[in-house]
Amino acid sequence: MVENPQISLQYYGISPWEIEVIYGYLNSRFSIIQEEIEVNDENFVSFLDLDIPLDFSEEFFKWFEYRRWEKIKDVFKEMKRRRGSGNALKIKINFSGNPKIVFVVDTEDKQWYDNAIEKIDFVLELLPYHLDPEKLPSDILEISYKFDPESARWRLNTALAESKKYTFSGSSWKVTT
């Protein structure tokens, strides 16, 4: 792993205490750039965008340490608890790599929100299947996942290529732009 990679935190509506706690967990592994931004989604009171400059992989979790990852997840769940149900909090976690892997946690219900946070690392097991070149459109730069409360699991949502956007539906990718 890279020595002290640079992680980016952009946020609004997050308390100084919450940022300080997150910063504390990340600071031992990353050099951190943080920026409080203007509201960019009127549907959410609070937003956190975490840009991790490493691949979403087993190596990341070993390097970052599972215990530290569990503490970050606890902070995210506490943030939701403090805000109640509804569209109070949206968290976007971006892992660089080829392709970039993005998780968007914006579930209204606290129980499903907590479930989504808990299961992010479970996607690791499905990644080889999801990134199979036989199943994936060509030249994909980014894949995003969205939590599906109905099935209580993360689902492929969209994929971005240089000039096309795809949506995952059923068991295949469909071009949307």
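The values are calculated or read from the model by the stated rules, or taken from the named source; none is laboratory data. Keep in mind that this is a model prediction, so the values were computed, not measured. A quick note on method: Cβ atoms are made from the backbone with ideal geometry, for glycine too, and the neighbour counts reach across all protein chains shown. These accessible areas exclude ligands, DNA and RNA; they are computed on the full protein's heavy atoms, side chains included. Shrake-Rupley method; radii C 1.70, N 1.55, O 1.52, S 1.80 Å.
Centre-to-centre separation between the Cα atoms of the range 103-160 and those of the range 7-37: 24 Å. Heavy-atom surface analysis with a 1.4 Å probe gives the chain a carbon and sulfur content of 46 percent of its accessible area. Angle between the Cα long axis of helix 66-83 and the longest principal axis of the chain, 0 to 90 degrees, nearest 10? It works out to around 70 degrees. Around the Cα centre of the range 6-175, unit charges on the Cβ atoms of Lys, Arg, Asp and Glu (plus for the first two, minus for the last two) sum to a dipole of about 300 debye. Within the chain, DSSP assigns beta bridges of which about 60% are antiparallel (rounded to the nearest 5). Annotation: per residue accessible area for the chain equals 54 Å², rounded to a whole number [probe 1.4 Å, protein chains only]. When the residues 105, 175 are ordered by accessible surface, computed with a 1.4 Å probe over the protein chains alone, the sequence from largest down reads 175, 105. Multiplying the residue separation of residue 135 and residue 68 by 0.36 nm and subtracting their alpha-carbon distance yields 20.8 nm. Placing pseudo-labels 7 Å out from each Cα toward the beta carbon at residue 125 and residue 148 gives an inter-label distance of 1.7 nm.
Given R₀ = 25 Å, what would the calculated FRET efficiency be for residue 163 paired with residue 98, taking r from the Cβ atoms and rounding to 0.05?
Rounded to the nearest 0.05, the efficiency is 0.90.
Calculated FRET efficiency, residue 27 to residue 59, Cβ-Cβ distance, R0 = 25 Å: about 0.75 to the nearest 0.05. Ranking 53, 140, 157 by how far each Cα lies toward the positive end of the dipole of the chain (charges on Cβ) leaves 157 at the top.
Rounded to the nearest 10 degrees, the inclination of helix 16-27 to the longest alpha-carbon principal axis of the chain is 60 degrees. Contact order, relative form, for the chain: 16 percent (alpha carbon pairs under 8 Å, 6 or more residues apart, mean separation divided by residue count).
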